[in-house]
Amino acid sequence: MAQLLGIRIENYRALRDIEIGKVAWNKGTDLPKAVCLIGPNGAGKSTLLDAFGFLADCLREGVEAACDKPHRGGFERLRTQGRHGPIAFRLYFRESPTALPITYELQIDLQDGRPIAASEVLRQRRRSEKHGRPYPFLKLANGSGQAWSGESTEGEEAATSIAVALDDPTRLGITTLGQLKDHPRIVGLRAYIEGWYLSYFVPDAARTLPPSGAQRHLDRTGANLGNYLQFLRRTHPDRFQAVLNAVAAKIPGIQSVSCEDSPDRRLLIQFNEAGYADPFFQANMSDGTLKLFAYLLLLQDPDPYPLVGIEEPENGLYHRLLRTLADEFLDHARGERETQLFVTTHAPAFVDALAPDQVWLMQKKPGGGVSVDRTADIPTVKALHAQGIPLGSLWFSRHLQERGFEGA
Ligand SMILES: Nc1ncnc2c1ncn2[C@@H]1O[C@H](COP(=O)(O)OP(=O)(O)O)[C@@H](O)[C@H]1O
Ligand SMILES: [Mg+2]
């Protein structure tokens, strides 16, 4: 499965000019399988996760529709205040652990008052060349340009390109070419970005009983929890109860979880609690239990998303449950799972479980814009952590030197 090695963002709301991880073959360190973002309010953590959602929306619906989503408010509201250049992204990713990394660059700008994909470039190095500039296999400006088909930028494939002219410049080239068999790397990128998932879990949404019908993935708010379980039960009948048992074992006070069908075929989730003869259903469960249940289930998805963003999982969770979630996060970090996780948090207890090369500190810069620093790169943090002081405690006691509006 593909993994994001790094991302560079310019002019996207508070993110005037930031990069995390490796953004070119000779610049930066690969992002790990689990990335945690911390920092004061307004430091751009949600914006960074929204940038992932924005890219996925651009791919699915075009850049104009992505800019105009109600929570984004249009291009002019999205572009960093005071800036005039395009909103720009550079993704550096690898399709599989053995593949050569690919760079995808996208610039979005206004043309006659409409946001369009002003520039789109995909590049990959040649295996035969250890160093040097990667070769393009897609190069579009305002919807016109060239694409090189095939699996690599070597040999004959590199020599044959086709002219591309999109009739709608608000659509991405990777949306169109990502449907063509001749362009396997673009097909791969499209599938990868389409698979990104952001969770804004809302316990009340998960309490409702949605109409019957299996659904492949959990939705953003968790409102289709029952549908997702129906899907798991149908596609993995042999593993279904084992997954539920594994999840139940991690939730304190819950002896088992099972599923029943209501007379109108909707799925009822039964939580068997210690000390009670009768089960409780999702409508009666606490926010925290339901939340932990949904996150654990999401992370056990047998058909996992390549990238999952989770916002502030600590809300409503008892600190011990937060530790359970942190342990899941660490499981991902060890590379045992396929999903790459991005989690924002304000909870030092969550961060205590993590290492400095898994945590990035975001802060507002005094002159505008924000900075993003890997905590492992902050002087003294690595040394203090190596002495046994947990990272969350260092953060809490201001050893991460927050210099944003909190003032350090
Ligand atoms: N177009 C913009 N230009 C510059 N800054 C912006 C723009 N839109 C929003 N912001 C800034 O982004 C901040 C919100 O960032 P957010 O990602 O929600 O922070 P966090 O999740 O870390 O609390 C706002 O406080 C505002 O300062
Ligand atoms: Mg936020």
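The values are calculated or read from the model by the stated rules, or taken from the named source; none is laboratory data. Owing to the predicted nature of the structure, the values given are computational and were not obtained by experimental measurement. So basically every Cβ, Gly included, is an ideal-geometry build from the backbone, and we count neighbours across all protein chains shown.
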From the options ARG234, ARG266, residue that is touching a residue at least 24 places away in the same chain (Cβ under 8 Å) and over 15 Å from GLN300 (Cα atoms) = ARG266
request  = Any residue in region 41-70 that's within 20 Å of ASP167 (Cα to Cα): show its pairings with residues that are assigned to a loop (DSSP other than H, G, I, E, B) and within 16 Å of ligand 2 (Cβ to nearest atom) at Cβ separation under 9 Å, as long as the two are six or more apart or on different chains.
outcome  = ASP57/ARG72; ALA66/ARG72
Test set (1) surrounded by 19 or more Cβ atoms within 10 Å (Cβ to Cβ); (2) touching a Gly at 6+ places or on another chain (Cβ under 8 Å) - PHE329 fails condition number = (2)
task = Within region 73-98, work out how many residues are away from ligand 1 (no atom under 16 Å from the Cβ), buried (at least 21 other Cβ atoms within 10 Å of the Cβ) and over 12 Å from GLN3 (Cβ atoms).
result = 0
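Assess whether LEU229 counts as being modelled with pLDDT under 90 and assigned to a helix (DSSP H, G or I).
Numbers: modelled with pLDDT under 90: no; assigned to a helix (DSSP H, G or I): yes.
Taking the combined requirement at face value, the residue does not satisfy it.
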Qualifying residues in region 100-132 (those that are crowded, with 21+ Cβ neighbours inside 10 Å and among the hydroxyl-bearing types (Ser, Thr, Tyr)) - the one nearest to ARG190 (Cα to Cα) = TYR104
request  = Just name the residue that is farthest from ligand 2 (Cβ to nearest atom) out of those in region 46-91 that are part of a strand (DSSP E or B) and touching a helix residue (DSSP H, G or I) at 6+ places or on another chain (Cβ under 8 Å).
outcome  = LEU91
query = Out of all the residues in region 1-19, which are more than 16 Å from ligand 2 (Cβ to nearest atom) and out of contact with any Lys or Arg (no Cβ under 9 Å at 6 or more places or on another chain)?
reply = MET1
key: Search result, residues across region 328-365 that are within 16 Å of ligand 2 (Cβ to nearest atom), in a loop (DSSP other than H, G, I, E, B) and either under 22 Å from ALA386 (Cα atoms) or among the aromatic types (Phe, Trp, Tyr) (or both)   = ALA347
inquiry  = Condition first: in contact with a strand residue (DSSP E or B) (Cβ under 9 Å, 6 or more places away or on another chain), over 29 Å from ARG334 (Cα atoms), near ligand 1 (Cβ under 8 Å from one of its atoms) and part of a loop (DSSP other than H, G, I, E, B). Can you find one or more residues in region 37-45 that meet it?
reply    = yes
request  = Tell me, please, whether a residue that is small (Gly, Ala, Ser) and modelled with pLDDT of 85 or more can be found in region 319-337.
outcome  = yes
ask   = Do the conditions hold for THR103, that is, is it away from ligand 1 (no atom under 16 Å from the Cβ) and within 30 Å of SER397 (Cβ to Cβ)?
value = no
key: Subset tally (residues that are more than 19 Å from the chain's Cα centre (by Cα) and either within 26 Å of GLU338 (Cα to Cα) or buried (at least 18 other Cβ atoms within 10 Å of the Cβ) (or both)) for region 188-204   = 1
request  = Consider ARG126 carefully, then state whether it is within 16 Å of ligand 2 (Cβ to nearest atom) and either assigned to a loop (DSSP other than H, G, I, E, B) or in contact (Cβ under 8 Å) with a residue 40 or more places away in the chain (or both).
outcome  = no
task = Look at ALA376 and say whether it is hydrophobic (A, V, I, L, M, F, W, C), out of contact with any Asp or Glu (no Cβ under 7 Å at 6 or more places or on another chain) and surrounded by 16 or more Cβ atoms within 10 Å (Cβ to Cβ).
result = no
key: Enumeration of residues in region 366-390 that are away from ligand 1 (no atom under 16 Å from the Cβ) and of a type in the set (Gly, Ala, Ser)   = ALA376, ALA383, ALA386, GLY388
